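Since the structure comes first, as structure tokens, the remarks are kept for the end.
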Amino acid sequence: MESTITEQQARDKVEQYIQGALSALPAGAELKPFTRNRSECTDPTDKGPLGRFEISATYEIIGLDSARFAEHFTAITQWWESHAFEILTDSRPTDQYVFARNTGDAFDMSIKANDLGKFYVGATSPCVWPNGTPEPQALEATEPEQPVAAPPEPEPEPEPVRKPRRAPVDDEDFAQTNWTDGGTSF
């Protein structure tokens with residue numbers, strides 16, 4: 001239940017990190033917005049309360065020579081390492097994907113390229129409170145639970161009374177039935 005940076009501060013820092021990664025690339029590289037998200041932290045890594053959000057953005061970087069993507073990956077990963085990011089996943093050479101986390105503020109970044117000549121950079125904040133402080137409903141949810149008496153065991157439901165689907169057939173009547181008119185007796 002600690003305070004965090006605000007959503008706006010998280011959004012600003014996401015953009016700063018993306019701009020920083022862009023600065024490691026050759027002149028002429030430009031950002032083209034791809035996605036921006038605000039996602040509720042339903043399974044936060046710190047097992048904290050609900051009501052917090054992750055802020056993320058992904059950009060396509062245009063103006064890069066796809067034949068030099070390997071160099072661009074190296075340039076960005078070097079920028080990460082000089083800005084306290086630790087590489088957690090490096091799928092190269094099988095996939096053109098690298099994922100890193102900042103050791104100081106827990107922001108994540110990733111870079112990905114594909115065979116279509118597309119190159120993407122993204123950043124995601126850790127879970128933050130919208131206004132930087134825990135919301136009142138989250139504070140209520142963390143109060144110690146009072147022991148509650150177990151509810152009474154429900155009464156077992158009575159066995160249903162099985163009603164015959166039709167009246168029993170008397171063997172004598174069975175032989176006396178005229179089946180050509182729908183089953184009426186003589």
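Just a few scattered comments:
- Both the radius of gyration and Dmax for the stretch 12-68 are 15.1, 46 Å, in that order, over alpha-carbon atoms.
- Residues of the stretch 1-131: accessible area per residue with a 1.4 Å probe, Å²: 55
The values are calculated or read from the model by the stated rules, or taken from the named source; none is laboratory data. The structure presented is a predicted model; accordingly, all values stated were derived computationally and were not measured. Accessible surface areas use protein heavy atoms only, side chains included; no ligands, DNA or RNA. Shrake-Rupley method; radii C 1.70, N 1.55, O 1.52, S 1.80 Å.
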